[in-house]
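The values are calculated or read from the model by the stated rules, or taken from the named source; none is laboratory data. Note that this is a predicted model, so its numbers are computed, not measured. Here the Cβ positions follow ideal geometry from the backbone for every residue, glycine too, while neighbour counts run over all protein chains shown.
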Amino acid sequence: MKQRIVGFHQDEFGDWVAELSCNHQQHVRHQPPFQLRPWVISEQGRRQQLGAELECSKCDREPDYLHENRSLVRRYYDELWNQRQLNQVSELLASDFRFRGWTGFVAQGHAAFRDYVEQIRTAFPDLHYQVEWMLAEDNRVVARVNCTGTHRAKIFGIEPAGGHFSCVLFDTFTVGGHKLKSAWAIADRHELICQLKAISTP
Ligand SMILES: [Zn+2]
């Protein structure tokens, strides 16, 4: 099935990956360096070489409910975190949504989740989550996400110095009744804290 290409990113091995509108990813070029394939590293070149769509064989093998689960997780990052549309909370999250953030914060329910988003966005106002891949099976979704932001308020006891950070995190979700029932985030906190400290210590 042909799917629209909605973006590109490099994975942990430096390979280029196309993000498809069906929420699947597809490798488009393996193994850096890319000097011999300059089209890989320019957006215009990729558009010329690949076009606007790619065939997605994963879609044909996957049942509809897994598409729906992936789509919920995609919207969780895009709408609730990146676009901060907190009015979408009741559409995407079950009323007893259970949550553990990568800071270790644990909460249940919509109001507590909204407070947490606000708290994190205060520390990192430009926080952005880039989904690298998702695995969906039964009622579970696991996502590997790259998180970036600029440190603007005290967190983990570290005073802000306006430094930029980038860290990897894994989120596991459970889904039920067409909504997310739980999310559990695990970040490379050691790496994150080292980055924040390195920036704030002159
Ligand atoms: Zn697909």
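Listed by first and then second residue, the pairs with beta-carbon distance under 7 Å, at least 6 apart or on different chains, first residue in the stretch 11-36 and under 15 Å from VAL131 (Cβ atoms), second within 16 Å of the ligand (Cβ to nearest atom) and assigned to a loop (DSSP other than H, G, I, E, B), are LEU20/CYS56; CYS22/CYS56; HIS24/CYS56; GLN26/CYS56.
For every residue, the table says whether it meets (1) within 16 Å of ILE186 (Cβ to Cβ); (2) away from the ligand (no atom under 16 Å from the Cβ); (3) not assigned by TED's automatic domain parsing to the domain that holds HIS190.
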site: ASP96; (1), (2), (3): no, yes, no
site: PHE99; (1), (2), (3): yes, yes, no
site: ALA111; (1), (2), (3): no, yes, no
site: ALA136; (1), (2), (3): no, no, no
site: VAL141; (1), (2), (3): yes, no, no
site: ILE155; (1), (2), (3): no, yes, no
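Within the stretch 94-110, residues that are at negative phi and in contact (Cβ under 8 Å) with a residue 60 or more places away in the chain reach partners that are among the small types (Gly, Ala, Ser) and outside any strand (DSSP E or B) with beta carbons closer than 8 Å, at six or more positions or on different chains, in the pairs ALA94/GLY177; ASP96/GLY109; PHE97/GLY109; PHE99/ALA112.
Could you tell me whether the stretch 114-126 includes any residue that is assigned to a strand (DSSP E or B) and touching a Cys at 6+ places or on another chain (Cβ under 9 Å)? First the steps, then the outcome.
Taking the stretch 114-126 and keeping what is assigned to a strand (DSSP E or B), we get none.
For the stretch 114-126, residues assigned to a strand (DSSP E or B) and touching a Cys at 6+ places or on another chain (Cβ under 9 Å): absent.
Taking the stretch 90-114 as the range and being surrounded by 14 or more Cβ atoms within 10 Å (Cβ to Cβ) and under 28 Å from HIS164 (Cβ atoms) as the test, the residues that pass are PHE99, ARG100, GLY101, TRP102, THR103, PHE105, ALA107, PHE113, ARG114.
Return the residue satisfying two criteria in turn: it lies in the stretch 37-59 and is of a type in the set (D, E, K, R) and in contact (Cβ under 8 Å) with a residue 24 or more places away in the chain, and of such residues it is nearest to the ligand (Cβ to nearest atom). It would help to see each step written out before you state the result.
If we filter the stretch 37-59 for residues that are of a type in the set (D, E, K, R), which is where we start, we get 37, 43, 46-47, 53, 55, 58.
Within this subset, residues satisfying the condition of being in contact (Cβ under 8 Å) with a residue 24 or more places away in the chain are 43, 46, 53, 55, 58.
Details: GLU43: 21, ARG46: 18, GLU53: 11, GLU55: 9, LYS58: 5 Å.
Once the filter is applied, the top-ranked residue is LYS58.
Residues in the stretch 1-33 that are surrounded by fewer than 13 Cβ atoms within 10 Å (Cβ to Cβ) and more than 16 Å from the ligand (Cβ to nearest atom): GLU12, PHE13, GLY14, HIS30, GLN31, PRO33. Based on what the data block shows, is VAL131 out of contact with any Phe, Trp or Tyr (no Cβ under 7 Å at 6 or more places or on another chain), in the same structural domain as GLU68 (by TED's automatic domain parsing) and surrounded by 15 or more Cβ atoms within 10 Å (Cβ to Cβ)? No, not satisfied.
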